[in-house]
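For reference, the structure discussed in these notes is given below.
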Amino acid sequence: MRSRPGQRFFHAWVLLTPALVLLSLFVAWPLLRALSWSFQQVSILNPQEVEPVGWSNYAWMISDPRFRQAYANTALFALMVVPLQTLLSFFIALWVDRPNPAWRWLRHAFFLPVIISMPVLAVLWTMLYQPMEGDQMGLINRLVTTLGFPAQDWLGNPDLALPAIAILSIWQGVGFQMMIFLAGLQNLGADQLEAARIDGAGPGKRLWHIILPGMKPSIVFVVVTTTLLSFRLFVQPYIMTRGGPENRTVSIIQLIYETTFLNRDLGLAGAGTVIFLLSLVIPLAILRLMRRAAT
Amino acid sequence: MTKGNEIRSWCWIVGLLLFFGCSPRPETSPETVTLRVWCHQGQESENQAMRQIAKAFNTTHKHKGIQVDVDFFPDYQYTEKVSIAAAGGDLPDVFDLDGPTVAQFAKAGLLSPLTPYFSAEVLEDFAPTILEQGTIDQTLYALGAFDSAMVLYYRKDIFEELNISPPPEGTAWSWETFLRACTQIAITEMTPVSLHMDITADEWFTYAFSPLIWSAGGNLISEDGRETIDVLNSPTNVRVLTQWRTLFDQNFARRSPINPDPFGSGESVMDWTGHWMAQSHFDTYGERLGVMPLPRTGPEIAAASGSWCWAISSHTDHPEKAAVWLNWVLDPRQGVTPMVEANGALPARKTAYQFFPKFDHSPFSTFRMLQQNHGRSRPRTPHYPVLTRAFAAALRDIVGGAEVQERLDQAATEVQRVLDRSGRTQ
């Protein structure tokens, strides 16, 4: 039985209302609050006492060298993580996409880090990255020296700290992206691949002409989620380096967190949040165009 | 389910909710005020002691119309929790605070002055360091039950083997003597001193190494709390921290230690740490354990002090009753003694020392001497969290090889920007 349009409209609103209320309460309202604070001098300890300051919070934030450094660090982190993690997870998915159940353990092995809490992994990897000092050194330096290369102060060297954190992040997140690709691969028609193989198409040709075009939606989804996740960088540098050395791993989220809870300055934190969200508009617009092209 | 059954089920649910939700609390009169008390969650022994103190208070005050309900929150997120409660206008009646954060809460008008609730005689009994820590702009806002002290523990047996003489009791080594001792110990291939360079512990760096700066006459921020330029990066501080870095450059201390207790496990000969390790080290080494003040970089001995302290919210409707709890938890016998027994800290009340005779004898007497004569609070400024973060980051980078003057200039500028912004809008 078909329901009348008015009734359908009513049902739609009834079903949507809980989600809309929650979204308004926990997303829209805090964002609007942050936007309003960004034009005020206001402390978290006394948010009732506000003083309008116009654009000065934005001017302060933009002229702050630490904020600019945090911005550059976060963008650089995303530039390292997004392509590497996407490529790696794609090829791992191709490798583990085997019908034989004996290979399933490999998928589990790659997925395992995803379910372990990031703070635990950050502590663990800090020990792995332990620099050489006297007779003590971490496993990674032991490996590096065994291969004949000099040991490094991975988290203490300003040039190496962010890449070291990126490696941990890629390792931790690659299993999740692999699962997305795996689902995409299993949706591809096996007949099509089999036909191509019988027609003499090698692995390279099958990848380029069948797998990649069929996987476009999965690739775009992975790139979008990885980009958003990498801009949320916080736990790893906060635990492993506290934003150092020389502020080279401080992230935007860490800076906003510190501005809120150390400076107790909601005005500046609001301005930082707004700048951060606005800066996400460009990469997200590019990704949206990519998604449209893919579909 | 039929309509009748459904109605019956709802009646049961509502009835049960009313029964359990609205049953009166036993054993309290209708006029009884239950104070909300928040406390940081420290070691389990401390938490147990606090529960016992609160239980004893509730028993004693059952018929006096005051009860306390103590909630514990993990100490690593405790200050955030209290800040969020302040933002929501939901501060508890009484709460404890880490000493250096008192200024921030007091300046925001969130704390009640304590002087009306404590007689001059009682206040006289508190250690000067505790009074200094809780006093902001000549008003007392917070009082602690216990205090802390930084010292240099050493192995007497190894010192004797190497012919190293500790300083006479009540005095400290000069920096040069300390370095000579390190050089002698380094020959044995033992680590001369452990400095516990935990990268994530911002507060440790300020607490542990500010005394070096104070001893030389330097400071982290100007006395009026408005300047860090030419203070944090002063020539004195640059000299002191350049000297301090030699400990790492000459491998006298580890930059990234894994072992959390190298002294206790026999890896190092000296341990630059606080009172909290005293009992553990004493249990390990007994008579072989020595304690001396931190080496001085100038004419004065300097020691960091201060710890968690209690305050009354300015929003409470029951300040007098909150003060009754505070008097209990800070009482030498009811509050201070059980807490100090649990955490091994220094009593904040002079009269509480009678319950701890160990502080009359070496090596524990050094702690008392430091508290009474040389203890100093960390800077009492509302911007302390920004200052300590910037200072700790600078120290970490200096250990990592950054140029001392340049790195302190950067830290001073970072903090000064925050101070200037605050000054402009006040």
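Coordinate-derived values only; no laboratory data. Not measured: the values here are computed from a predicted model. Cβ atoms come from the backbone with ideal geometry, glycine included; neighbour counts cover every protein chain shown.
Computed quantities for the displayed model
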read-out: Neighbouring partner chain Cβ atoms per residue of A:256-267, average, 10 Å criterion; value: 5
read-out: Label point distance in nm, B:E203-A:Q48, each placed 7 Å from Cα along Cα→Cβ; value: 2.9 nm
read-out: Volume per residue of the C-alpha convex hull in region A:158-200, rounded to whole Å³; value: 82 Å³
read-out: Theoretical FRET efficiency, 1/(1+(r/R0)^6), r = Cβ-Cβ of B:N327 and A:R232, R0 45 Å, to 0.05; value: 0.40
read-out: About the Cα centre, charge dipole magnitude for the protein assembly as shown (Lys/Arg +1, Asp/Glu -1 at Cβ), debye; value: 3300 debye
read-out: Solvent-free Debye scattering, log10 I(q)/I(0), computed from the Cα coordinates of region B:174-236 at q = 0.25 Å⁻¹; value: -1.08
read-out: Bridge type composition, the protein assembly as shown - antiparallel percent by DSSP, nearest 5; value: 60 percent
read-out: Contour excess over end-to-end distance, with Cα ends at A:A19 and A:A196 and 0.36 nm allotted per residue; value: 59.1 nm
read-out: Nitroxide proxy distance, nm - points 7 Å out along Cα→Cβ at A:A28 and B:E31; value: 5.1 nm
read-out: Partner chain coverage, peptide B:253-262 - average Cβ within 10 angstrom; value: 3
read-out: Chain A, relative contact order in percent, only Cα pairs under 8 angstrom and at least six apart counted; value: 30 percent
read-out: Normalised per residue, the volume of the convex hull around the Cα set of region A:182-295 (Å³); value: 144 Å³
read-out: Pairs of alpha carbons in region B:300-426 whose separation is greater than 20 Å (percent); value: 65 percent
read-out: Principal semi-axes in Å for chain B [√(5λ), Cα gyration tensor, largest first]; value: 44, 26, 22
read-out: Span-rule helices in chain A, defined as complete DSSP H runs reaching 27 Å or more along the axis (Cα) with Kyte mean at least -0.5; value: A:65-96, A:161-187, A:266-294
read-out: Whole-number D in µm²/s for the protein assembly as shown (Stokes-Einstein; Kirkwood sum over Cα pairs; 20 °C, 1.002 mPa s); value: 73 µm²/s
read-out: Chain A, helix-only ellipticity at 222 nm - DSSP H runs n ≥ 4, -39,500 (n - 2.57), divided by all residues, nearest 500; value: -22000 deg cm²/dmol
read-out: Listed peptides A:46-57, B:96-107 by packing density, highest first (mean Cβ within 10 Å); value: B:96-107, A:46-57
read-out: Semi-axes of the equivalent ellipsoid for chain A, Cα gyration tensor, largest first, Å; value: 38, 34, 17
read-out: Sorted largest first, extent of region B:71-176 alpha carbons per principal axis (Å); value: 61, 35, 26
read-out: Spatial separation of Cα centroids for region B:141-216 and region B:231-266, in angstrom; value: 10 Å
read-out: Two-site FRET efficiency, A:A72 against A:N100, from Cβ-Cβ distance with R₀ of 56 Å, rounded to 0.05; value: 0.75
read-out: More than 19 Å apart - percent of Cα-Cα pairs taken over region A:1-114; value: 75 percent
read-out: Label zone at B:Q250 (point 7 Å along Cα-to-Cβ), backbone N below 16 Å, region B:171-213; value: B:173-195
read-out: Residue among A:L207, A:L23, A:L88 with the largest mean-square fluctuation in a Gaussian network model of chain A, springs linking Cα atoms under 10 Å; value: A:L23
read-out: Shielding of B:377-389 by partner chains, average beta-carbon count, 10 Å; value: 2
read-out: From the C-alpha gyration tensor of region B:165-291, square roots of 5λ in Å; value: 27, 16, 16
read-out: DSSP-defined beta bridges in chain B - what % are antiparallel, rounded to 5; value: 55 percent
read-out: Point-charge dipole on Cβ atoms (K/R +1, D/E -1) for region A:103-252, about Cα centre, debye to 20; value: 400 debye
read-out: Value at 222 nm in deg cm²/dmol, rounded to 500, when DSSP H runs of n ≥ 4 in chain B each add -39,500 (n - 2.57); value: -13500 deg cm²/dmol
